[in-house]
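Before any comments, here is the structure.
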Amino acid sequence: MDDMDKNTTTNRLLTTIVILMTLSALYFAKDVILPAVLGFMLALTLGPWVRWLTRRGVPAPLSAAVLIFAFAAVIGMAILLLGGSVASWFDEIPRISFELRDKLRGVTDSLSAFQVASKQVEDMAKGGEEAVQTVVLQQPGLLTAAVSNLASFATSLVAGLILALFLLSAGNLFYIKIMESFARFGDKKRALTVIYEIERRMSHYIVAITCINAILGIAIAAAMYLLDMPYPFVWGIAAFCLNYLPFLGGVIGTLGIGAFAIVHFDNLYYAMLVPIAYQSLTALEGQVLTPLILGVRLQLNTVAVFLTVIFWAWLWGIPGALMAVPILVFVKVVCDHVPALATFGNFLSGRAIDIVPQDAPVETPDDAPTGLPLPRS
């Protein structure tokens, strides 16, 4: 019994060490791992479309090139549409900050008075202690860090697109390699079923969330137009892009458009209608539109999604937050097909499973996968 306890403790310690080493590698080797993860995610998302075109006589390299270049063209178009306005806003940030402080002077004066009172209480508590000289290291500004992060992500995205092009152009080659690594036919079939399911759900999620973001962007652009906000079309595109960031995108968009509205409108109360409208539409999208379009099978636990976004944002910054949900979808599919991970997969699910007696009849859903054909070599 003691030997079993020692083995269990040793296995747990080894597992902990492996997890810590993996996290360290993900953090310090981000510049190498991030493009690879992006490439594999894009290949899994576009894989079903490449096979669909291949079955209709289009060679895999040609269909892969068309899809990758179309994806890059959409990103380039969004950058062109937003680039000029965002660049001009960056130039006006000092003026906007000054006007924002001026219009919110009453609130800032109250906060300043509170800070002064807190400092006085702190000084009184210190009493006659000697003043300790401290050295404060100046950290880079938030805007500078964000721009640097986005520039790094753009470089990783280009490398990821190239890797995805190579993966998709290879057709079924890597699927055959994966199956060849298993000895039994049942394991080969299960591995291919998992890959196909990951592709299907990943593609479904990306297409669905893009449609949802487009609807949200159109609604916000219309609302900004009705509220007489300048650049309503640009705000709609910004909402479309920011909504790919779960939780964080809505907060960033609300704060940004709220600050711009306070500077633009003379009436502070009327200006507050702008962020209220933005946040209301975002909340409506999250509570009604997203569950309606994504459906039950792709619903994930909100707590799990939030923790995943926070974790990957801490690990990789903005790119990590963007990739958090697709990575979670990947993990969820693997857990659904591996019995040892079924409990963890159940936690990730957004569905409540009814508890029934063991002898109760269980009906198989009509859309349950019954196995997928093996690719021919």
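If I ask for residues that are of a type in the set (S, T, Y) and exposed (fewer than 11 other Cβ atoms within 10 Å of the Cβ), which ones from region 6-32 would you list? I'd like the intermediate steps shown before the answer.
Step one: filter region 6-32 for residues of a type in the set (S, T, Y), giving 8-10, 15-16, 22, 24, 27.
Residues satisfying the conditions are T8, T9, T10, T15, T16, T22, S24.
Every test in (1) under 25 Å from I198 (Cα atoms); (2) in contact with a Ser or Thr (Cβ under 6 Å, 6 or more places away or on another chain) is passed by T290 save one, and that test is (2).
So that you can scan it fast, the table gives a plain yes or no per residue for (1) touching a residue at least 12 places away in the same chain (Cβ under 8 Å); (2) surrounded by 16 or more Cβ atoms within 10 Å (Cβ to Cβ); (3) assigned by TED's automatic domain parsing to the domain that holds L46:
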{"site": "I162", "(1), (2), (3)": "yes, no, yes"}
{"site": "L167", "(1), (2), (3)": "yes, yes, yes"}
{"site": "I178", "(1), (2), (3)": "yes, no, no"}
{"site": "V194", "(1), (2), (3)": "yes, yes, no"}
{"site": "E197", "(1), (2), (3)": "yes, yes, no"}
{"site": "R201", "(1), (2), (3)": "yes, yes, no"}
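Region 256-326 holds helices (runs of 4 or more DSSP H) entirely within its bounds, and those carrying 2 or more residues that are within 24 Å of F344 (Cα to Cα) and touching a residue at least 60 places away in the same chain (Cβ under 8 Å) map to 290-294, 302-316. Taken over region 210-232, the criterion of being without any contact (Cβ under 8 Å) to a residue 60 or more places away in the chain and surrounded by 16 or more Cβ atoms within 10 Å (Cβ to Cβ) is satisfied by N213, G217, A221, A223, M224, L227, M229, P232. Does region 184-192 contain at least one residue that is under 26 Å from A78 (Cα atoms) and in a helix (DSSP H, G or I)? For region 184-192, residues under 26 Å from A78 (Cα atoms) and in a helix (DSSP H, G or I): absent.
Test F265 against the stated conditions and say whether it is over 30 Å from A36 (Cβ atoms) and surrounded by fewer than 20 Cβ atoms within 10 Å (Cβ to Cβ). Against the criterion (over 30 Å from A36 (Cβ atoms) and surrounded by fewer than 20 Cβ atoms within 10 Å (Cβ to Cβ)), F265 qualifies.
Being assigned by TED's automatic domain parsing to the domain that holds K189, touching a helix residue (DSSP H, G or I) at 6+ places or on another chain (Cβ under 9 Å) and modelled with pLDDT under 80 narrows it down to one residue among L298, L322; which is it?
None of the other options fit; the residue is L298.
G57 meets each of the listed conditions (1) at positive phi; (2) assigned to a helix (DSSP H, G or I) apart from (2). For the condition part of a helix (DSSP H, G or I), in the same structural domain as Y205 (by TED's automatic domain parsing) and either among the small types (G, A, S) or under 28 Å from A222 (Cβ atoms) (or both), L245 does not qualify.
From the list P275, P357, pick out the single residue that is modelled with pLDDT of 85 or more, farther than 30 Å from M179 by Cβ and more than 21 Å from the chain's Cα centre (by Cα).
Values: P357 fails: modelled with pLDDT of 85 or more.
Selected residue: P275, the only one of P275, P357 that is modelled with pLDDT of 85 or more, farther than 30 Å from M179 by Cβ and more than 21 Å from the chain's Cα centre (by Cα).
The values are calculated or read from the model by the stated rules, or taken from the named source; none is laboratory data. Just so you know, these numbers come straight off a predicted model, no measurement behind them. All Cβ positions, even for glycine, are placed from backbone atoms using ideal geometry, and neighbour counts span all protein chains on display.
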